[in-house]
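A.B. asks: Before we start, here is the structure in question, set down as structure tokens.
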Amino acid sequence: MGNFGLSAKVDVIAPSASLQVAQRALELKRLGKDIINLSIGEPDFNVPVPIKEGLYQALENNYTHYTESQGVLDLRKELAKELGHDIEADQIILCSGCKLGIYLALETILNPGDEVILLEPAWVSYKHMITIAHGKSVSVKTNEKNNFIPTIEDIKKAITDKTKAIIINNPNNPSGQLMPKEILDEIVQLAKEKNLFIISDEIYSDIVYEKESFYSMLNYDYEKIIITSGFSKNFAMTGLRLGYIVAKKEIAKAINKLHQHIGTCAPSIAQYGIMGKISDVLKNDVEDMRKTYEKRRQILIDGLKETIFPYIIPQATFYMLLNISKLNMKSLEASKYILEECGVATVPGIAFGESIDDYVRISFATSDEMLLKAIQRFKNINI
Ligand code: PMP
């Protein structure tokens, strides 16, 4: 590698463990091996038809210019109504994906050296975004016994006088678990006492199988809650890059100052394409996709019983954690082994923190046929 004098923060960002497996999967595929990819992090569905029509229409209408940085007002009004809880349009910022929303939120609240609490398992990008924003991530461990839900005592232990925020991912990628209301109540109470921000990433909020157990942070009126979400997963629109942030007006205004300089605005076509459609698409297309995921989840629940992998039944998302301890390996090695032995690509748990180094993540954003084939291959593992 040449010495280009790049930023030190780029050096500390390690190549992801999941990419190592993905790279090998690609090599094996090129060698002609039949690889089943269960490492996918996006819906396998196409964009819902009403939105497709909206996208064509948006192009026809030449809605290809910059929009208001915060997002088209009518769309923000529609979204505010859909979210309920008296959310107003000026509390919402539409941006290019939930990922940018999380990053903008972090950049807006962090001063150099500020600490951010991450609850393991934590989605891979949080810690890197915190680093880029000159903050420091502090991980709280969890375990299967507690359904990978942290205890308030463990969170309290992680707090120092440098703590600025806590990130919650509900529903959780990769565990598929929902945060019980009781722990959310305790976290909000703690955040109030310690004057902390809460960033609540709710990107999988409509892919939920136990709907009565999902409790959004929108239910609380603590002023330092910032919610990030978007249409990538729920609406199967990953490549269209439409995410959003919901925060108190003053905070939203501050975040949007950064957004103006970093993101300008969310893609105009995606904004106009979805406008006027959110409610119907949620009721019909999103619900249909959710039901399909639910059926696939059942295929895994039934089929995996006969394999060496105990699993955690997801309450939401299209992910499932498989316990690989019977292989006597940690997750990266196990993920590589499963790829070589079964031709099935998974994501090693270590990518999401040490708490789940005895697990690999599989995704059921793929066909029944692929899932059944993968289960069959798992049954053939001899240890
Ligand atoms: N948060 C979580 C937990 C995710 O899993 C993802 C996507 N993998 C994102 C945020 C990013 O979503 P988007 O594509 O809208 O940027």
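The values are calculated or read from the model by the stated rules, or taken from the named source; none is laboratory data. Bear in mind that the values here come from a model prediction, so they are computed numbers and not experimental data. Here the Cβ positions follow ideal geometry from the backbone for every residue, glycine too, while neighbour counts run over all protein chains shown.
A.B. asks: Could you list, in sequence order, all residues of the range 170-212 that are hydroxyl-bearing (Ser, Thr, Tyr) and in contact with a helix residue (DSSP H, G or I) (Cβ under 8 Å, 6 or more places away or on another chain)?
C.D. replies: 175, 200, 209
A.B. asks: Quick one: in the range 207-248, of everything that is closer than 26 Å to residue 273 by Cα and either away from the ligand (no atom under 16 Å from the Cβ) or at pLDDT below 95 (or both), which residue is surrounded by the fewest Cβ atoms within 10 Å (Cβ to Cβ)?
C.D. replies: Filtering the range 207-248 for residues that are closer than 26 Å to residue 273 by Cα and either away from the ligand (no atom under 16 Å from the Cβ) or at pLDDT below 95 (or both), the one surrounded by the fewest Cβ atoms within 10 Å (Cβ to Cβ) comes out as 218.
A.B. asks: For the range 144-177, name all the residues that are over 16 Å from residue 225 (Cα atoms) and within 15 Å of the ligand (Cβ to nearest atom).
C.D. replies: 148, 171, 172, 173, 174, 175, 176, 177
A.B. asks: Here's something else I'd like to know. So, restricting to helices (runs of 4 or more DSSP H) that lie completely within the range 259-348, which ones have at least 3 residues that are more than 25 Å from residue 246 (Cα to Cα) and in contact with a strand residue (DSSP E or B) (Cβ under 7 Å, 6 or more places away or on another chain)?
C.D. replies: 331-342
A.B. asks: So, in the range 198-248, of the ones that are in a loop (DSSP other than H, G, I, E, B) and of a type in the set (Phe, Trp, Tyr), which residue ends up nearest to residue 297 (Cα to Cα)?
C.D. replies: Step by step, filter the range 198-248, then rank; the result is 209.
A.B. asks: State whether the residues of the range 178-197 include one that is assigned to a strand (DSSP E or B) and within 16 Å of the ligand (Cβ to nearest atom).
C.D. replies: Checked the range 178-197: no residue is assigned to a strand (DSSP E or B) and within 16 Å of the ligand (Cβ to nearest atom).
A.B. asks: Any chance the range 5-23 includes a residue that's crowded, with 16+ Cβ neighbours inside 10 Å, of a type in the set (A, V, I, L, M) and more than 26 Å from residue 293 (Cβ to Cβ)?
C.D. replies: No.
A.B. asks: Can you say whether residue 46 is surrounded by fewer than 14 Cβ atoms within 10 Å (Cβ to Cβ), within 22 Å of the chain's Cα centre (by Cα) and outside any helix (DSSP H, G or I), as far as the supplied structure shows?
C.D. replies: yes
A.B. asks: Continuing with this model, one more query. Are there any pairs with C-beta distances below 6 angstrom linking a residue in the range 237-254 that is assigned by TED's automatic domain parsing to the domain that holds residue 92 and among the charged types (D, E, K, R) to a residue that is at pLDDT 95 or above and within 9 Å of the ligand (Cβ to nearest atom), with the two at least 6 apart or on different chains, and if so which?
C.D. replies: From the range 237-254, the pairs are 241/96; 241/97.
A.B. asks: Let me ask something else about it. With respect to residue 136, determine if the residue is charged (D, E, K, R), modelled with pLDDT of 95 or more, crowded, with 17+ Cβ neighbours inside 10 Å and away from the ligand (no atom under 16 Å from the Cβ).
C.D. replies: yes
A.B. asks: Go through 127, 99, 33, 81 for me and flag whichever is assigned to a helix (DSSP H, G or I) and more than 16 Å from the chain's Cα centre (by Cα).
C.D. replies: One residue alone meets the criteria, 81.
A.B. asks: Let me spell it out: the conditions are (1) outside any loop (DSSP other than H, G, I, E, B); (2) under 23 Å from residue 288 (Cβ atoms); (3) among the small types (Gly, Ala, Ser), and residue 41 meets all of them except one. Which number is the exception?
C.D. replies: (1)
A.B. asks: What are the residues in the range 85-103 that are away from the ligand (no atom under 16 Å from the Cβ) and out of contact with any helix residue (DSSP H, G or I) (no Cβ under 7 Å at 6 or more places or on another chain), if any?
C.D. replies: 86
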